[in-house]
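Report on the structure given below.
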Amino acid sequence: MSAENKNSGNTALPSNFLRAIIDSDVEKGKYLRAGLPGVITRFPPEPNGYLHIGHAKSICLNFGLARDYGGRCHLRFDDTNPTKEEQEFVDTILDSVKWLGFSWEHDDVEHLYYASDYFDTLYMMAEYLVASGHAYIDSQSAEEMAANRGNFSEPGRNSPYRDRAPGESLDLLRRMKAGEFKEGEHVLRAKIDMASPNMTLRDPAIYRIRYAHHHRTGDKWCIYPMYDYTHPISDALESITHSICTLEFQDHRPFYDWVLERLTETVTLPDGRILGGFLSRPLPHQYEFARLNMTYAITSKRRLLQLVEEGIVEGWDDPRMPTIVGMRRRGFTPESIQLFCERIGVSKADGWIDMATLEGSLRDDLDPKAPRAVAVLHPLKLIIDNFPETLVDPCSAPVHPHHPERGQRQFPISRELWIEREDFMEDPAKGYFRLFPGNRVRLRYGYVIECTACDKDAYGNVIAVHCNYFPDSKSGTPGSATYKVKGNIHWVSCAHAVEAEVRLYDRLFSDPHPDAGGKDFRLALNPNSKEVITAYLEHGTAAAMPEEIFQFERHGYFIADREDSKAGKPVFNRSVTLRDSREK
């Protein structure tokens, strides 16, 4: 596959350092292997939580690169820590990747894998590393190992068990596997360099004892491999070419390479037997990119779990959460998330992405697609005193103002309407052009009216506004052009409106960096991140299906909640306000 034909039908690929590397590898034929594509990537989540927007960036990157270079991307679950992993998380990850628009199928073959698929192979390779002198059983306590590890200014000290004979270590490893020891009593460590300036090379752990039920292998194992050991082997077994990780794994890359090199080598025993040679070249190579840091959000799994467990949010799919399930319920679309990931690009330098970029991507995706509707969120009654009480007059408006082919929507006007409370001022401020006594405005898609009075309750609160209409001023009729007014307000007929629960969501945090510098992120919670109101909507919204999205004119984009909406009784979540609403 040449660099020129890697992306047939799409020549406008974004440029970044990873594409430059892959272009070079493709041109050189670095990974030319019979029956395999020249680019194979993977997305390897741990099933210990729900995916969030940071994972979405990795999904779009790995699956997108494979797609653009005619290769394939594997979905592989890093399920090596049974105490934190559950089938629930596996299921939601599968669903999230599919929902984002990606598939692990290539040439009618599914490439869905689990690290636990390789447990037997990983253990066999661990025995080889022990037998060949590259690993040993350490019997220090966790505290002793930590104390002897040193720090960035002080080299580590060798374990007193580092020079154990391979035969003794191999016997202990097998007994660990057989369940003869308690957790923490022994650990298998790679033998590399305790004085290395790279802390990850100071004899890292390979296997630990863990008595826990695994969601796939049950109780077969009581020792489990560490991620840094499992990851490179899994990549090699799956013929991954470009193993793409976030920057926190940069210091782990030397160990990644060490593991692969050791398992590629062979050792000849005194009796002539040849061991090793498990892997063949070309080997996978790890590359690192900057993780997604986004303002007004947290993406730490631990902190997200805390939000859920402490009841600060209403679950993993709370629309204020940056989880993919939460964003989906909020009204984000797969296309908007892909657009966002494309816009922020890929680099090696850490930085912050403003949440406004994510919100803007959603607006840009929805604007040409979402049908329009009228919603009155904070209702105030408007009574047209000279409108016949029995008259129900049909009005119409485009389903989408820029797509006339989508037709018109129909709705009635009657004597009593709901209008937005902010569209009336008894004592108008300077520059206020909406409704106040003596002023004229146009009811959007309807008639010109003139305000005459208002009703108040015992506390002086306005509870209704009165007006008269001009029968020859209806929008779309010849007479409408003779009326010149500055104000134009939204409305729905009281008798025909759909009463609906509407949830006005905003950013969960008021601080752009809620957990920076060790701050308690809970102190930065936005008390106005959710407001539940009863609104009145254009009657056509009654038939909204779950996850159907509208632009409520003037207010923003809203989605029918996928869990709580019922036929004829929709519940809407605000996805995002209109572009300038935050500045107003």
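The values are calculated or read from the model by the stated rules, or taken from the named source; none is laboratory data. It should be emphasised that the depicted structure is a prediction, and the values quoted were computed from it without experimental measurement. So basically every Cβ, Gly included, is an ideal-geometry build from the backbone, and we count neighbours across all protein chains shown. The area values use the complete protein model at the heavy-atom level, side chains included, leaving out ligands, DNA and RNA. Shrake-Rupley method; radii C 1.70, N 1.55, O 1.52, S 1.80 Å.
Some values worked out for this structure:
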read-out	value
Residue that is part of a strand (DSSP E or B), open to solvent by 70 Å² or more (accessible area, probe 1.4 Å), within 23 Å of M327 (Cα to Cα) and out of contact with any Ser or Thr (no Cβ under 8 Å at 6 or more places or on another chain), where the choices are V532, V576	V532
Any chance V308 is over 30 Å from E450 (Cβ atoms), among the β-branched types (V, I, T), surrounded by 15 or more Cβ atoms within 10 Å (Cβ to Cβ) and without any contact (Cβ under 8 Å) to a residue 40 or more places away in the chain	yes
Filter result (in a strand (DSSP E or B) and in contact (Cβ under 8 Å) with a residue 60 or more places away in the chain) within segment 206-222	I206, Y207, H214
First in segment 176-194 and at positive phi, second anywhere and part of a helix (DSSP H, G or I) and open to solvent by 50 Å² or more (accessible area, probe 1.4 Å), Cβ under 8 Å, 6 or more apart	G184/A142
Residues located in segment 378-390, provided they are under 20 Å from V498 (Cβ atoms) and open to solvent by less than 10 Å² (accessible area, probe 1.4 Å)	L380, L382
Some residue of segment 500-510 being of a type in the set (F, W, Y) and under 28 Å from the mean Cα position of the chain (by Cα)	yes
Residue under evaluation Q551, criteria (1) open to solvent by 40 Å² or more (accessible area, probe 1.4 Å); (2) assigned to a strand (DSSP E or B); (3) more than 29 Å from L304 (Cβ to Cβ), criterion not met	(1)
Some residue of segment 27-40 being over 24 Å from E105 (Cβ atoms), open to solvent by 20 Å² or more (accessible area, probe 1.4 Å) and at pLDDT below 95	no
Only listed residue being loosely packed, with under 15 Cβ neighbours inside 10 Å and assigned to a helix (DSSP H, G or I), chosen from R262, R302, R281	R302
Condition broken by I240, with the remaining ones in (1) in a helix (DSSP H, G or I); (2) of a type outside the set (S, T, N, Q); (3) in contact (Cβ under 8 Å) with a residue 40 or more places away in the chain; (4) surrounded by 21 or more Cβ atoms within 10 Å (Cβ to Cβ) satisfied	(1)
Checklist (1) under 30 Å from G311 (Cβ atoms); (2) touching a strand residue (DSSP E or B) at 6+ places or on another chain (Cβ under 7 Å) applied to S510, failing item	(2)
Pairs, first on the phi > 0 side of the Ramachandran plot in segment 311-333, second among the polar types (S, T, N, Q), C-beta under 9 Å, six or more apart	G331/N573; G331/S575
Test: residue in segment 7-14 that is touching a helix residue (DSSP H, G or I) at 6+ places or on another chain (Cβ under 6 Å) and either in a helix (DSSP H, G or I) or at pLDDT 95 or above (or both)	no
Segment 422-447 residues that are within 17 Å of T477 (Cβ to Cβ), paired with ones that are open to solvent by 70 Å² or more (accessible area, probe 1.4 Å) (beta carbon under 7 Å, 6 or more apart)	R442/N488; R444/N488
Inter-residue pairs, beta-carbon under 8 Å, first touching a residue at least 40 places away in the same chain (Cβ under 8 Å) and among the polar types (S, T, N, Q) and in segment 473-495, second open to solvent by 50 Å² or more (accessible area, probe 1.4 Å) and outside any loop (DSSP other than H, G, I, E, B), 6+ apart	S493/E416; S493/H539
